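The values are calculated or read from the model by the stated rules, or taken from the named source; none is laboratory data. This structure is a prediction, so every number in the text was calculated from the model and none was measured. Counting neighbours? That spans all protein chains shown, and the Cβs are built from the backbone with ideal geometry, glycine included.
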Ligand code: SF4
Ligand code: SF4
């Protein structure tokens with residue numbers, strides 16, 4: 001029968017202890033017995049918006065899984081993701097901006113951008129062949145770690161859609177859009193993660209995947225069947241599964257059966273949310289209707305359109321029209337350290353709950369005396385602590401770069417959400 005569990009968690013301690021306990025008690029038999037096995041963790045790193053915006057997989061959840069694996073003696077662990085093609089086309093490393101490279105260094109594991117991987121072919125609709133990263137097919141154990149978020153094209157994106165990031169580069173990702181829902185199902189028939197660990201600690205509602213609102217949902221779902229997990233996420237979000245493209249396609253194709261629906265309906269979910277739907281603006285809705293989308297896709301493939309996309313003004317116009325979800329700001333953040341404004345700090349402990357590597361906040365910052373202090377060597381520079389502090393007691397030194405826009409859009413929302 002299906003294996004599925006829900007963990008209700010919030011701070012980093014709960015996340016790490018909850019994941020360790022659950023995997024030990026209920027999933028230890030699914031992991032390979034050979035400790036030299038190649039383990040691949042596939043988060044959702046859709047854009048450079050950090051986990052607190054609801055967009056990408058939380059470093060705390062991935063850190064918890066790495067610590068579990070390392071405690072069990074696994075040596076060959078890689079984090080891999082084919083990040084959003086718009087960023088990679090603009091020569092922006094989403095992996096670096098989200099600090100996954102530093103998390104990898106901290107734990108001594110590899111981090112790989114699948115946009116530069118060798119490919120293995122998978123079959124899409126109408127005879128199209130697309131290339132997935134070889135690592136996804138060759139891993140001995142693949143852990144899919146998506147985020148729960150609404151998505152204006154697919155309805156919701158969780159386990160099934162997260163595998164789009166296994167496609168190599170823009171040229172292969174584009175091929176999925178010819179028949180997106182069916183191709184997502186096809187991808188899941190070809191690449192089959194052994195385990196799904198879903199980050200819903202901070203989810204996204206509204207106009208996802210990148211223009212929605214973060215929602216502190218406080219949940220991690222674990223299961224071995226992506227259709228069950230995604231159906232459960234739809235129920236958790238009060239979203240009719242028929243409105244989630246890949247789930248509707250899987251039901252139509254007979255992959256989702258009555259026993260799937262029965263299991264999901266009978267599961268005792270402790271909390272149910274009512275996510276705001278991803279309602280796009282009038283132009284995006286007009287263009288993305290099933291009848292017209294193929295014409296837009298054809299235009300999107302032309303060299304002129306690609307050129308316009310690569311210009312700053314073209315990108316801004318598409319963003320304002322709602323036809324592009326991201327703005328590709330090229331300025332990187334320049335890190336100059338963090339310090340604590342003691343007079344503002346109330347010792348509320350919120351920052352400590354968000355530090356993925358549990359550096360001992362806020363007092364670690366109080367002891368900081370320049371770049372060589374011990375905490376600064378461990379810090380992965382994620383700025384989670386800075387973003388959540390309700391009193392703005394953590395001071396950032398340096399230049400915010402692309403983070404400035406993220407803080408402008410989400411700073412106040414995040415501070416209110418975590419209180
Ligand atoms: S969140 Fe801010 S106010 Fe609260 S303990 Fe941390 S630094 Fe102090
Ligand atoms: S101290 Fe702050 S910036 Fe550094 S790892 Fe912890 S949360 Fe991230």
Could you list, in sequence order, the residues of segment 336-367 that are near ligand 2 (Cβ under 10 Å from one of its atoms), out of contact with any strand residue (DSSP E or B) (no Cβ under 6 Å at 6 or more places or on another chain) and assigned to a loop (DSSP other than H, G, I, E, B)?
355, 356, 357, 358, 359, 360, 361
If you go through segment 95-104 one residue at a time, do you hit one that is without any contact (Cβ under 8 Å) to a residue 12 or more places away in the chain, out of contact with any strand residue (DSSP E or B) (no Cβ under 8 Å at 6 or more places or on another chain) and assigned to a loop (DSSP other than H, G, I, E, B)?
no
Residues that are away from ligand 1 (no atom under 15 Å from the Cβ), under 20 Å from residue 103 (Cβ atoms) and not in a loop (DSSP other than H, G, I, E, B), drawn from segment 379-413
398, 403, 406
Looking at (1) surrounded by fewer than 23 Cβ atoms within 10 Å (Cβ to Cβ); (2) at pLDDT 95 or above; (3) under 25 Å from residue 204 (Cα atoms), find the lone condition where residue 59 falls short.
(1)
Among the residues of segment 174-189, is there at least one that is closer than 21 Å to residue 89 by Cα, touching a residue at least 24 places away in the same chain (Cβ under 8 Å) and touching a strand residue (DSSP E or B) at 6+ places or on another chain (Cβ under 6 Å)?
yes
Can you find a residue in segment 82-89 that is surrounded by fewer than 20 Cβ atoms within 10 Å (Cβ to Cβ), more than 25 Å from residue 387 (Cβ to Cβ) and at pLDDT 95 or above?
no
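State whether one or more residues within segment 29-47 are at pLDDT below 95 and in contact with a helix residue (DSSP H, G or I) (Cβ under 7 Å, 6 or more places away or on another chain). Explain how you work it out, then say what you get.
Here is the first cut: in segment 29-47, the ones at pLDDT below 95 are 46-47.
From what is left, the residues that are in contact with a helix residue (DSSP H, G or I) (Cβ under 7 Å, 6 or more places away or on another chain) are 47.
Within segment 29-47, one or more residues are at pLDDT below 95 and in contact with a helix residue (DSSP H, G or I) (Cβ under 7 Å, 6 or more places away or on another chain).
If you check residue 172 against the conditions, is it crowded, with 16+ Cβ neighbours inside 10 Å and either in contact with a helix residue (DSSP H, G or I) (Cβ under 8 Å, 6 or more places away or on another chain) or assigned by TED's automatic domain parsing to the domain that holds residue 237 (or both)? Spell out the reasoning first.
On the way: crowded, with 16+ Cβ neighbours inside 10 Å: yes; either in contact with a helix residue (DSSP H, G or I) (Cβ under 8 Å, 6 or more places away or on another chain) or assigned by TED's automatic domain parsing to the domain that holds residue 237 (or both): yes.
Yes.
For residue 319, are the conditions met, namely being at pLDDT below 90 and either under 29 Å from residue 212 (Cα atoms) or not in a helix (DSSP H, G or I) (or both)?
Numbers: at pLDDT below 90: yes; either under 29 Å from residue 212 (Cα atoms) or not in a helix (DSSP H, G or I) (or both): yes.
Spelling it out, residue 319 is indeed at pLDDT below 90 and either under 29 Å from residue 212 (Cα atoms) or not in a helix (DSSP H, G or I) (or both).
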Residue 80: in a helix (DSSP H, G or I), in contact with a strand residue (DSSP E or B) (Cβ under 9 Å, 6 or more places away or on another chain) and over 25 Å from residue 419 (Cβ atoms), yes or no?
no
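Could you please let me know if residue 248 is in a helix (DSSP H, G or I) and modelled with pLDDT of 95 or more?
Values: in a helix (DSSP H, G or I): yes; modelled with pLDDT of 95 or more: yes.
In short, yes.
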Among the numbered criteria (1) closer than 26 Å to residue 351 by Cα; (2) buried (at least 18 other Cβ atoms within 10 Å of the Cβ), which single criterion is violated by residue 20?
(2)
What about residue 376, is it part of a helix (DSSP H, G or I), at pLDDT below 95 and in contact with a strand residue (DSSP E or B) (Cβ under 8 Å, 6 or more places away or on another chain)?
yes
For residue 2, the lone unmet condition from (1) at positive phi; (2) in contact with a helix residue (DSSP H, G or I) (Cβ under 7 Å, 6 or more places away or on another chain) is (1)
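For every residue, the table says whether it meets (1) within 16 Å of ligand 2 (Cβ to nearest atom); (2) farther than 29 Å from residue 353 by Cα; (3) assigned by TED's automatic domain parsing to the domain that holds residue 174.
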{"position": "43", "(1), (2), (3)": "no, no, yes"}
{"position": "47", "(1), (2), (3)": "no, no, yes"}
{"position": "53", "(1), (2), (3)": "yes, no, yes"}
{"position": "58", "(1), (2), (3)": "yes, no, yes"}
{"position": "83", "(1), (2), (3)": "no, no, yes"}
{"position": "110", "(1), (2), (3)": "no, no, yes"}
{"position": "124", "(1), (2), (3)": "no, yes, yes"}
{"position": "128", "(1), (2), (3)": "no, yes, yes"}
Check on residue 332, modelled with pLDDT of 90 or more, assigned to a helix (DSSP H, G or I) and more than 11 Å from ligand 2 (Cβ to nearest atom):
no
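If I filter segment 201-209 for residues that are more than 20 Å from residue 272 (Cβ to Cβ) and either at pLDDT 95 or above or in a strand (DSSP E or B) (or both), do I get at least one hit?
Residues of segment 201-209 more than 20 Å from residue 272 (Cβ to Cβ): 207, 209.
Cutting the leftovers down to either at pLDDT 95 or above or in a strand (DSSP E or B) (or both) gives us 207.
Yes.
Could you please find all residues in segment 28-58 being outside any loop (DSSP other than H, G, I, E, B) and in contact with a strand residue (DSSP E or B) (Cβ under 9 Å, 6 or more places away or on another chain)? Before the answer, list the steps.
Of all residues in segment 28-58, those outside any loop (DSSP other than H, G, I, E, B) come to 28-30, 38-43, 51-53.
If the condition is that a residue be outside any loop (DSSP other than H, G, I, E, B) and in contact with a strand residue (DSSP E or B) (Cβ under 9 Å, 6 or more places away or on another chain), then 30, 38, 39, 40, 41, 42, 43, 51, 52, 53 are the ones that fit.
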